[in-house]
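Nothing in this text is a laboratory measurement; each read-out follows from the coordinates by a stated rule. Note that the coordinates shown come from a computational prediction; the quantities given were computed from them, not determined experimentally. Note: ideal-geometry Cβ built from the backbone for every residue, glycine included; neighbour counts use all protein chains shown.
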Amino acid sequence: MAFDRFGRNINYLRISLTDKCNLRCVYCMPEDITFRPRAELLQDDEIDRLVHIFAALGFHKFRLTGGEPTVRANIVDIVGRIARTPGVETIAMTTNGLMLPQLAEPLAQAGLQRVNVSIDTINPEKFKKITRWGDVEDVWAGIEASERAGLGIKLNAVVVRNYNDKEDVVDLARLTFYHDWQVRFIEMMPFGDVADFQQAGVVSEEELRETISAALGPLSPVNEGALDGEASLYQLEGSMGTLGFISSVTQPFCASCTRARLTADGRLRLCLLREKEVNLLEPLRNGATDQELTDIILEGIWWKPWGHGLQQNVIPLNRVMSEIGG
Ligand code: SAM
Ligand code: SF4
C-alpha cells in the first residue's frame, strides 16, 4: 500500500495517454500548442509495466485521460491490458467524446466501465467558441454510443465566466430531469500559459448553485453533503440524475485526496496544482528493476504535497492541463 506522510492512502492513478487533442479548449491549451514527439511519451509496454507496479502497490482505480485519450493509437488494446491487470477494479476514461461513436463499444468490450464526457454547453455556437472548432452534435453522438455500449456516464462542464456561467449551466443541469447522469460543474483552475485568462474566469460553486436553483428550483444535498470523490452532490426535485460541483479552487478536497497522476511523458505528478513531479521514464528506460521503480514511486508518494497555493498566488507553470491529465 502507498501512503503519504499525512496518512493518506493513495490508490487511484490517472494516466495521461497523450498530450495531443483533436480540440483546443480555451481554458486548457493555446491554439498553437506544440505537442511532444512520440518517442518522449510512455510507450504501450511501458504503461503496461507501470500499471502492474502501481496495481501491486494497491492502486485499484485507474482513469485514462490526456490530452484526448481516444486519439492515442491502440487505445482499445491499452484499456484491455489495464483491465486484465491483477488488482485493477475500476477503469474509467475522461474524454471529449468525439471518437466515442466508433470506440464506445470496443472500449466497453475491452473492460472500460465508465466515461466522463466533457461538454461545457449544449449551445452549438458557444461549444464551438469554447473548443475553438468542435461540433457539439459529435459529442451527443458519443454520449448516445456510450449509453448503447452500457458505459456509465458522467458529464463534465468547466465553467468559465461570461462563456457558459448562466443559461448554459442551467441547460446542462436540466438534463438530469430526464437522464440518470451525474452532471458535474468544474471550477476552472489556473495553469501555465493560460493562467491569466483563467483566474479572471473562475465561477464559485455557490454562485453556480444560486444560478441553477433560481431557474430550476431548489437543490438538495445528496448523502447529507458527503463528497462523492471530489464532487459535492446535489439533486433537483423530481430529477433522475445528480449535479456534482468540483470546487478545487474555492473548496479544496485535499484531505480526502487518494490520487496520483502519471503524465504522458512518464512523470509521477503528485498534485494537479503543484509542480512537484518524479521522473519514472528515465529509470524505466535505464533498466530499473520493478523493485527499484516501486521504491521510487513510494518515495514520491510519501512526499505528496498538501493543498494548493492558489491563495498565495502560487500557480503551476511547468505544464498546461492537457499535459498533466485532468
Ligand atoms: N480531453 C479530455 C476531456 O476534455 O475530457 C480529457 C482531458 S481534459 C484535460 C480533462 C478534464 O479537464 C476535462 O473535463 C476538461 O474540461 C478539464 N479541464 C481542462 N482545463 C481545465 C482547467 N484549466 N480547469 C479545470 N478543468 C480543466
Ligand atoms: Fe482537449 Fe480535453 Fe483539453 Fe479540451 S479539455 S483541449 S478536449 S484535452
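The table that follows gives values for the structure above.
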read-out: Gaussian network model of the chain, Cα within-10 Å springs - most flexible of Asp265, Asp45, Asp135; value: Asp45
read-out: Selected from Ser213, Ser232, Ser247 as most flexible by GNM, with the chain as the system and alpha-carbon contacts under 10 Å; value: Ser213
read-out: Along principal axes, Cα extents of the range 1-126, largest first, whole Å; value: 47, 35, 32
read-out: Ascending count of other beta-carbon atoms within 10 Å, so fewest first, for Asp290, Asp120; value: Asp290, Asp120
read-out: Karplus-derived 3J(HN,Hα), 6.51/-1.76/1.60, for each residue of the range 217-227, Hz, glycine and proline x; value: x, x, 10, 10, x, 9, 6, 6, x, 5, 5
read-out: For the chain, Cys with no neighbouring Cys Cβ under 4.7 Å; value: Cys21, Cys254, Cys257, Cys271
read-out: Net charge dipole size for the chain [Lys, Arg +1 and Asp, Glu -1 on Cβ; Debye, nearest 20]; value: 440
read-out: Ellipsoid equivalent to the chain - semi-axes via the Cα gyration tensor, in Å; value: 30, 22, 20
read-out: For His308, His52, order by how many other beta-carbon atoms lie within 10 Å, fewest first; value: His52, His308
read-out: Computed FRET value (nearest 0.05) for Phe253 with Thr90, which takes r as the C-beta separation and R₀ as 22 Å; value: 0.75
read-out: The range 205-295 - Debye-derived log10 I(q)/I(0), Cα point model, q = 0.15, 0.18 Å⁻¹; value: -0.71, -0.85
read-out: Value of [θ]222 nm, deg cm²/dmol, for the chain, DSSP H segments ≥ 4, -39500 (n - 2.57) each, nearest 500; value: -9000 deg cm²/dmol
read-out: The chain, relative contact order [Cα under 8 Å, separation at least 6], %; value: 21
read-out: Exposure proxy ranking, count of Cβ atoms within 10 Å, fewest first, for Met29, Met99; value: Met99, Met29
read-out: HN-Hα J in Hz across the range 58-72 - Karplus 6.51, -1.76, 1.60, θ = phi - 60°, x for Gly and Pro; value: x, 6, 10, 10, 10, 10, 9, 8, x, x, 9, x, 6, 8, 6
